[in-house]
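These notes concern the structure reproduced below.
Just so it is clear, none of the values below were taken in a lab; they were calculated from the coordinates. Since the structure is predicted, the reported quantities are computational estimates derived from the model, not experimental observations. Positions of Cβ are generated from backbone atoms using ideal geometry, with glycine treated the same way; all protein chains shown enter the neighbour counts.
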Amino acid sequence: MLALLVLLCACADRGSSPGTPSNDGERPVVTLMAPLHFPNTPSDSIVRSIENLTGTKLAIEWVRDEIYTDKMNTALTTSSLKKATFVKYTDYILMKNAIRSDQFWEIGPYLDDYPNLKNLNPNILLQTAVDGKIYGLYTERPSSRQGIMIREDWLNRLHLQKPGNLDELYRVMRAFTYDDPDGNGKNDTIGLTDRDDLVFGAFKTLSSYFGTPNDWGVEGDRLVPEFETKGYLDTMNFMRKLYKEKIINSDFAITSKDVQRDQLIRGMAGVYIGAMSDVQRLSDEAKKVNPAARFTLVNRLAGPDGYKVWSIPNFNGLYLFSKNAIKTEEELKQVLAFFDRTMDPDVANLMKYGEEGRHYRLEGDEVYLPEESTQLRVDEVASLYALMIADLHNPNIRKVARQEPLWESADRLIEDNESFIVPDPTVGLESRTFDEKSAELGRIITDATYNYMLGKLDESGFRKEVEHWKTSGGDQVIREYEQAYFHREN
């Protein structure tokens, strides 16, 4: 009897962590707000399985990626954030004032209480810190997934090679516009499809090919904003040329991500510059429209400084924990326990790959992702990726044995990008002025950049807008970043 009691107690304690409910009747409700990068939310059956495994009741608000920033900002200003709210890396700066005003829980002191969270990468956590304190759980991403997707069947039809430099890329895109690459005898294609996003659209990746620094450049004892460099101007001129020659969609400055992707899928455009990890899904969708559609990838495009590609810190966003939604320390521990539990083998592999036998098969200890279940994984599983914490270095996630050729190619080229990434030298540095005025300052440069590319500003007009940026707080931002950067270097 004593042995049995010890065994039962051990089973009850297995996998427990602070905040874990003791039985199903006490399941805590975990509310989340997360971006939806795929057409469908995850299947109800998988969500129920996650609830059962984690001992929680989940209430997830899925928000389409292209409107996520606006929705998140609205939730912040109306005090309607969820217990855990995802914040994109590009929006995190805007949240720092709210963090400093005590609207979010500091979670750093709690992480050591959880078997998985205590092993999070300290360097990445430090990248996310505000005034040295940890407030968020990060979603992990490679340094750079950026590259070029090209219709390979169009290249073959026009007897063109994959581009290896900027001039060759221009010639390919021009041929895709004017040389009837789909062979239908109509002038109904363009070279490049783009959207209203200077970061994750085509512009910043092209800009790194032109030798532009990643947000900031270091020149002697100065930090120089990227838009004051030759590479940035060269990129604007390149895009201006594409716009003037109608090689790019004429409404790219106001085009959504969905419309941009649809233009590629429907064969209206032959080149897409963005995350190479999207290629398999875009290819699958394009083949539904035209079974002959084929795609290839390019990640090495030589510019004036050789191979360069911009990078992000190794988090692309993080979950913050609202004090308005989480009233007590015990509630916070319950939410942290949920995220900790999602990193265990059973939950992590379910969120990553779906259900064994339906979405994947096991080959020994490795995962085989059959091509015939690709669409099923997209429809039922893929959106859960947005909930996964530190998945790239989670030892509990099984390795993939075999997968579709485009997936393998994307993974290989993303890894290759690591050999020539361009980091942002200000990552981890503080500028209070930038934190306070980043939205206002960013809009000045964004508007000026688009107006230049659309031919509404000349170079002199663009320079005037840069001066406007400086007098609106930019000069102070430069001084604060320079002080922080050279203090760190010394």
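When ranked by the protection proxy of mean other Cβ atoms within 10 Å per residue, highest first, what sequence do the peptides 262-270, 96-104 form?
Descending packing order for the listed peptides: 262-270, 96-104.
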**OP:** Give the residue from TYR452, VAL199, ALA382 lying farthest towards the positive end of the charge dipole for the chain; charges sit on Cβ (+1 for Lys and Arg, -1 for Asp and Glu) and the dipole is referred to the Cα centre.
**Re:** TYR452
**OP:** Would you please put 404-413, 287-296 in order of how densely packed they are, using the mean number of other Cβ atoms within 10 angstrom per residue and starting with the highest?
**Re:** 404-413, 287-296
**OP:** Pull out the extension gain between GLU440 and GLU168, defined as 0.36 nm times the separation in residues minus the alpha carbon to alpha carbon distance; nm, one decimal.
**Re:** 94.2 nm
Subject >> Relative contact order of region 431-490, defined on C-alpha pairs under 8 angstrom at six or more residues apart (%) >> reply: 46
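Using the Cα centre of region 431-490 as the reference point, and only Cβ charges (+1 on K/R, -1 on D/E), how large is the resulting charge dipole? Debye, rounded to the nearest 20.
40
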Original post:
How much net charge surrounds LYS464 when only other residues with a Cβ under 14 Å from its Cβ are counted (Lys, Arg +1; Asp, Glu -1)?
Top reply: -3
**OP:** Arrange the peptides 177-183, 162-168, 203-209 so that the one whose residues have, on average, the most other Cβ atoms within 10 Å appears first.
**Re:** 203-209, 177-183, 162-168
Original post:
So what is the 222 nm mean residue ellipticity for the chain from helices alone, if each DSSP H run of at least 4 adds -39500 (n - 2.57) and you divide by all residues, rounding to the nearest 500 deg cm²/dmol?
Top reply: -12500 deg cm²/dmol
**OP:** Specify which labelled value, from (i) 25.3; (ii) 24.3; (iii) 25.9, agrees with Kirkwood radius over Cα pairs in Å derived from the coordinates of the model shown.
**Re:** (ii)
Original post:
Counting only residues 5 or more places away or on other chains, whose amide H sits under 5 Å from the amide H of LEU36 once H atoms are built in the peptide plane?
Top reply: VAL63, ARG64, ASP65
**OP:** Evaluate region 431-490: find the radius of gyration of its Cα atoms, find its Kirkwood radius, and give the ratio Rg to Rh.
**Re:** 1.09
Subject >> Test item: Cα-centred dipole of the chain, Lys/Arg +1 and Asp/Glu -1 on Cβ, debye >> reply: 580
Original post:
In a shell of Cβ-Cβ distance under 11 Å around GLY201, excluding GLY201 itself, what net charge do Lys and Arg (+1) and Asp and Glu (-1) give?
Top reply: 0
